[in-house]
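Here the structure comes first, spelled out in structure tokens, and everything after it is commentary.
The values are calculated or read from the model by the stated rules, or taken from the named source; none is laboratory data. Predicted model only: the values in this text are computed from it and were never measured. No Cβ is skipped: glycine too gets one built from the backbone with ideal geometry, and neighbour counts run over all protein chains shown.
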Amino acid sequence: MDARSTPAVSFVIPAFNEAGLIGATVAGLQEAAGGLTEFEIIVADDASDDGTVEVAEAGGARVVRTDNRNIAATRNAGAAAACGDLLVFVDADTIVPSATVRETLAVVGDGVVAGGSACWFDDPLPLWVRVVGPPILWLYRKSRLTPGAYLFCTRAAFEVVGGFDASRFGGEEVVMARALDRYLKTVGQRFTIVREPIITSGRKLRTYSGIELFVTLVRSLVYGGRRREVMDVWYGPRRDDPKGRG
């Protein structure tokens, strides 16, 4: 990675009670960004009460405290505190390899303004996920959408589209990706999904049944992601992951 030619990068991590996983996420980013001369890791903590702040700070992240219980608003708070020219939004349960950061910076250097990455989940995974997951993620890529676990854009593009839609409690990353893509097409700039994947936690896939996840998806679509009370998968009590660690 040629640090001399790369923009200042801000990695922004929204977090709520992620003490079990945030340490590995921050450490992974420290390693992945090790070749950069200018980068920062910001954890936008949404009123955690489990030690998330202490773990994040111990790993070298700068913590911004919020009290939203809304992931879109929390992402925006992290972006507002960031200093970088390139904003990279990473979920608190996600490992970003060095190869993903290198490819991101390479495409940005080639004129790409925003995008995301390929994505997969950590093991173990239910059989149904192994069957239906790959075609769903392929469809995401072909539709030029990005999972919320990894989304990047220049600060200028972020500000033009108004950031994440804080009226939404879920699906905000899809809305953001579509807004960026639409805007960039009007000005002749590019949105892309890099091929190097990130690995995000499969805990929701292990702790909720396929039916429960499908019902949550339908409710989210019906209400446009604007009803927190129908989105227990994200905002309800967290179930114990049989794998452990959060």
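A few comments on the model shown:
- Here residue 156 meets each of (1) touching a Ser or Thr at 6+ places or on another chain (Cβ under 6 Å); (2) of a type in the set (A, V, I, L, M); (3) modelled with pLDDT of 95 or more with one exception, condition (1).
- Flag for residue 131 being surrounded by fewer than 21 Cβ atoms within 10 Å (Cβ to Cβ), under 19 Å from residue 82 (Cα atoms) and without any contact (Cβ under 8 Å) to a residue 40 or more places away in the chain: no
To keep it simple, each residue is scored yes or no on (1) in a loop (DSSP other than H, G, I, E, B); (2) out of contact with any Cys (no Cβ under 7 Å at 6 or more places or on another chain); (3) of a type in the set (A, V, I, L, M).
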residue	(1), (2), (3)
177	no, yes, yes
183	no, yes, no
196	no, yes, no
214	no, yes, no
217	no, yes, yes
225	yes, yes, no
233	no, yes, yes
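- Pair list, Cβ < 9 Å and 6+ apart or interchain, from region 199-219 residues that are more than 20 Å from residue 24 (Cα to Cα) to residues that are loosely packed, with under 15 Cβ neighbours inside 10 Å and at pLDDT 95 or above: none
- Taken over region 205-221, residues that are more than 12 Å from residue 243 (Cβ to Cβ) and crowded, with 19+ Cβ neighbours inside 10 Å amount to 2.
- Residue 173 being charged (D, E, K, R), at pLDDT below 95, under 26 Å from residue 9 (Cβ atoms) and surrounded by 18 or more Cβ atoms within 10 Å (Cβ to Cβ): yes
- Residues located in region 156-187, provided they are charged (D, E, K, R) and more than 16 Å from the chain's Cα centre (by Cα): 159, 181, 182, 185
- Residue check for residue 195: exposed (fewer than 15 other Cβ atoms within 10 Å of the Cβ) and charged (D, E, K, R): yes
- Region 38-88, residues that are of a type in the set (Lys, Arg) and more than 25 Å from residue 228 (Cβ to Cβ): 62
- Any chance residue 235 is surrounded by 16 or more Cβ atoms within 10 Å (Cβ to Cβ), aromatic (Phe, Trp, Tyr) and over 19 Å from the mean Cα position of the chain (by Cα): no
- Residue within region 197-216 that is over 13 Å from the mean Cα position of the chain (by Cα), charged (D, E, K, R) and over 30 Å from residue 239 (Cβ atoms) present: no
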